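Input: a single structure, listed below in structure tokens.
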Amino acid sequence: MIKLAPSILSADFARLLEDVKKVENAGCEYLHIDVMDGHFVPNITLGPAIVKSLRKDVNMVFDVHLMIENPDMYIKSFVDAGADIITVHQEACIHLHRTIQNIKSLGVKAAVALNPATSIETIKHVVDELDMVLVMTVNPGFGGQKFIQSMVYKIKELKKLIDEKGLNVDIQVDGGIKPDNVDKVVKAGANIIVAGSAIFNSENIPDTVKNFRENANV
Ligand code: DX5
Ligand code: ZN
């Protein structure tokens, strides 16, 4: 069974709670919150204050994807604001093992994201410490980009590593995932599906959610 994580990057920020309620009511399990600092990626989004405001009215799992430099400086603020999962980028962490321990010491789940050009090899020695690995299927920074096909092989490679080690680590995919390509990533081993534009830009969110789940049932 997959879990769906709509990315609020494609929501209407002026009507954020209203939009988030739509995906919560449609049965989506996670809320994927894209935090960008204008340095690690060429875009700026939101900070802990918005997460805190949403937390009061939303019961979904808050999945905070930090696309920022020096994530260690901000992890606690996002946990205090209500994050359930913190994802840091491998490329942004000099002491990745330490950062993972920092996240876990705050009582939330820890995840590491890999840019398309970053190899699985870079997390081989810390994967047993993780709750989830995020395979970026676009270069981070913007919603609505095209899925990078070669990432299917990377997901398979990661799944193999996790299975060989006998671990229970979720595989999340993020970027360019639509109802018509979700089967490929699920077959490769992904079980948590981020979708921004495909969900928030759709005319009928409950129908789109249903399409995702039917097509992911492979
Ligand atoms: C990209 C973000 C994604 C993005 C996905 O940097 O991490 O979460 O919102 O958007 P879509 O699904 O439209 O590619
Ligand atoms: Zn994301």
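The values are calculated or read from the model by the stated rules, or taken from the named source; none is laboratory data. Everything numeric in this text was worked out from a predicted model, so none of it was measured. Positions of Cβ are backbone-derived with ideal geometry, glycine not excepted, and every protein chain shown enters the neighbour counts.
Structural remarks
- Qualifying residue in segment 63-75 (condition: more than 19 Å from Phe40 (Cβ to Cβ) and of a type outside the set (Lys, Arg)): no
- Counting residues in segment 128-137 that are within 14 Å of ligand 2 (Cβ to nearest atom) and not in a strand (DSSP E or B) gives one or more.
- In segment 125-149, the qualifying residues are those that are touching a residue at least 40 places away in the same chain (Cβ under 8 Å) and touching a Pro at 6+ places or on another chain (Cβ under 8 Å), and the one that is surrounded by the fewest Cβ atoms within 10 Å (Cβ to Cβ) is Gly141.
- Tabulated pairs, segment 52-79, first in a helix (DSSP H, G or I), second within 16 Å of ligand 1 (Cβ to nearest atom), C-beta under 6 angstrom, 6+ apart or interchain: Pro71/Val88; Pro71/Ala92; Ile75/Ile86; Phe78/Val64
- Segment 202-218, subset loosely packed, with under 14 Cβ neighbours inside 10 Å and within 20 Å of Val185 (Cβ to Cβ), residue modelled with the highest pLDDT: Glu214
- Contact map, segment 85-102: residues that are modelled with pLDDT of 95 or more and assigned to a strand (DSSP E or B) paired with residues that are among the hydrophobic types (A, V, I, L, M, F, W, C) and away from ligand 1 (no atom under 14 Å from the Cβ), Cβ distance under 6 Å, separation 6+ or inter-chain. Pairs shown: Ile86/Ile75; Ile86/Ile103; Ile86/Val108.
- Flag for Ala111 being within 16 Å of ligand 1 (Cβ to nearest atom) and either among the small types (Gly, Ala, Ser) or in a loop (DSSP other than H, G, I, E, B) (or both): yes
- Scanning segment 20-39 for residues that are surrounded by fewer than 20 Cβ atoms within 10 Å (Cβ to Cβ) and either more than 16 Å from ligand 2 (Cβ to nearest atom) or part of a loop (DSSP other than H, G, I, E, B) (or both) gives Lys21, Lys22, Glu24, Asn25, Ala26, Gly27, Glu29, Gly38, His39.
- The selection criterion, being within 16 Å of ligand 1 (Cβ to nearest atom), among the hydrophobic types (A, V, I, L, M, F, W, C) and in contact with a Cys (Cβ under 7 Å, 6 or more places away or on another chain), holds for Met60.
- Those residues of segment 103-121 which are crowded, with 19+ Cβ neighbours inside 10 Å, more than 20 Å from Lys154 (Cα to Cα) and of a type outside the set (Gly, Ala, Ser), in sequence order: Ile103, Val108
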